[in-house]
Amino acid sequence: MPKIILSTLNARYSHSALGLRYLLVNMGALEQETAIREFTLEKWATDIAEQLLAESPEIIGFGVYIWNIQETTRLVGVLKSVAPGVKIVLGGPEVSYEWDKQPIVEMADYVITGQADHAFRELCVELLDRNTPDEKILQPPPPDLKTLTLPYRAYSDDDIANRVIYVEASRGCPFKCEFCLSALDKTSWPFHLPSFLEQMENLYNRGVRHFKFVDRTFNLDVKSSNAILEFFLQRMDDKLFLHFEVIPDRLPEALKSTLQRFPPGSLQLEIGIQSFNPDVQQLISRRQNDEKSGENLRWLRQHSPAHLHADLIIGLPGEDMASFAEGFDRLYAMNPHEIQVGILKRLRGAPIHCHSKTHQLCFKPDPPYDILSTDCIDFATMQRLNRFARYWDMVANSGRFRSSLPHILGESPFERFLSLSDWLFEHTGQVHRFALKRLFDLLYEGMTGVLGTDPEVAENALREDYQKASLKGLPAFMLKPGVKLNESSNNETPLCGPTRQSRHRE
């Protein structure tokens, strides 16, 4: 039975908590008495508490994030009610800042802010020695990365078979974008590259083929980036898939040359544009060369095999709907595979709150703290844009409507999709859980009735997409007089949502 349990609630079973694995392998002599127990948000707090307490731990540490704070609060409440003697230690970004008056902090015994790689072990040593630290809130400085044991051996064989494997070649970020907690970092710190690559070799040999890098700025140090890419190129097979977050305006020729050597379906690049408005960028302390970013994105689309996932944010201070629409159309013209339309969130500790008064930023009081209105976008308009983002994910980012999408968007992508979005909500009153067959019918009706698409053009495009979806039966728009459905066609089609594949091919 472990004396110490490291736990968190992941959004999905396929996710894995890299932070817990860092804590585990840096427990020193206590590692053998420590265990990781991960759960998902769907599991009831009482059932999780029962499972944790069955192991009779003395200390339980929880990773607390914006997506699990509410469920973790309920879980800690149950634990402190039925087992008040068990010490509860909290860590993670959601409790590292503005912890005053947080119910979960009031219930817990200790909170470690920031990077707890060494601090958690030190606290556990004291608690097991029956010493009581003077302070409830512990604020250790960031550890020297050279002193850390890398966490990758803590991925189990079951993790490798069933979960996403997260890795990091560096920590921190040199940029100061105020919507992001990384704005509080002083710089970016790389891990020792030979040691990191040795760990990647071990993971590869154990069967890992999907590596998701969590570095904020993978291409900051081009020499290091190239070395990592070369490492994987030498081990390339038809299953290897790499995911990186890159700086949009930094793509020197040496990096381009390396990226071109990867085969299709092996790379995904996440490219944070966020806004093309230079006044907004200046206001939020974001340094970005828009012309260079656009040039690089177009080059990647035309000359590299990478699947491009580009991000924009709705609700940044100083950006109205016209500015966002202009940026959206500009980004769409660059033809990334996906445009992720995100909603500004007020992360605890992020400097974006300094604009709240001047720009009347109003955020949802509960997680995930989405923006509700600004001085540029009122609440009703923000709701329209929220629906735009949901429908865009469902239609454009799903990959199911590749033939239909050009006819939906035409020459004015934002304006036309917003019109379709408004009609979809007015017509259905819902923004999720559409049966896929019904969505095809809705798009046909919206294309022909709202957007003025020729019915034959709309039908042909949607028919092509429907056939590729391999669904049973026919949607209403494809039925002709005298056509009978197969018996199996009465089965309900799957619910529609984004189909994010782990590998992307065209």
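The values are calculated or read from the model by the stated rules, or taken from the named source; none is laboratory data. Since the structure is predicted, the reported quantities are computational estimates derived from the model, not experimental observations. All Cβ positions, even for glycine, are placed from backbone atoms using ideal geometry, and neighbour counts span all protein chains on display. The accessibility values were calculated without ligands, DNA or RNA, using every heavy atom of the protein model including side chains. Shrake-Rupley method; radii C 1.70, N 1.55, O 1.52, S 1.80 Å.
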### Message
Being modelled with pLDDT of 95 or more and open to solvent by 70 Å² or more (accessible area, probe 1.4 Å): is that true of GLU487 here?
### Response
no
### Task
Identify the residue in the range 362-383 that is of a type in the set (S, T, N, Q) and closer than 23 Å to GLU426 by Cβ and, among all such residues, is most open to solvent (accessible area, probe 1.4 Å).
GLN383
### Query
When you scan the range 233-286, how many residues do you find that are touching a residue at least 60 places away in the same chain (Cβ under 8 Å) and more than 21 Å from GLU338 (Cα to Cα)?
4
### Query
For the subset of the range 323-347 comprising residues that are open to solvent by 20 Å² or more (accessible area, probe 1.4 Å), hydrophobic (A, V, I, L, M, F, W, C) and within 30 Å of ILE69 (Cα to Cα), which member is nearest to the chain's Cα centre (by Cα)?
ILE343
### Message
Quick check on my filter: what residues within the range 225-261 are basic (Lys, Arg) and more than 26 Å from the chain's Cα centre (by Cα)?
### Response
ARG235, ARG261
#### Entry: Residue, farthest from TYR155 (Cα to Cα), within the range 192-209, restricted to residues that are part of a loop (DSSP other than H, G, I, E, B) and over 23 Å from the mean Cα position of the chain (by Cα)
HIS192
### Task
Would you point out which residue out of PHE196, PHE120 is aromatic (Phe, Trp, Tyr), within 26 Å of PHE241 (Cβ to Cβ) and open to solvent by less than 30 Å² (accessible area, probe 1.4 Å)?
PHE196
### Message
I need a count of the residues in the range 99-117 that are outside any helix (DSSP H, G or I) and surrounded by 15 or more Cβ atoms within 10 Å (Cβ to Cβ).
### Response
12
### Query
Looking at the range 446-465, which of the residues that are free of Cβ contacts under 8 Å to residues at least 12 places away in the same chain and touching a helix residue (DSSP H, G or I) at 6+ places or on another chain (Cβ under 7 Å) is farthest from LEU424 (Cα to Cα)?
PRO455
### Message
If I filter the range 210-222 for residues that are in a helix (DSSP H, G or I) and either touching a helix residue (DSSP H, G or I) at 6+ places or on another chain (Cβ under 6 Å) or surrounded by fewer than 20 Cβ atoms within 10 Å (Cβ to Cβ) (or both), do I get at least one hit?
### Response
yes
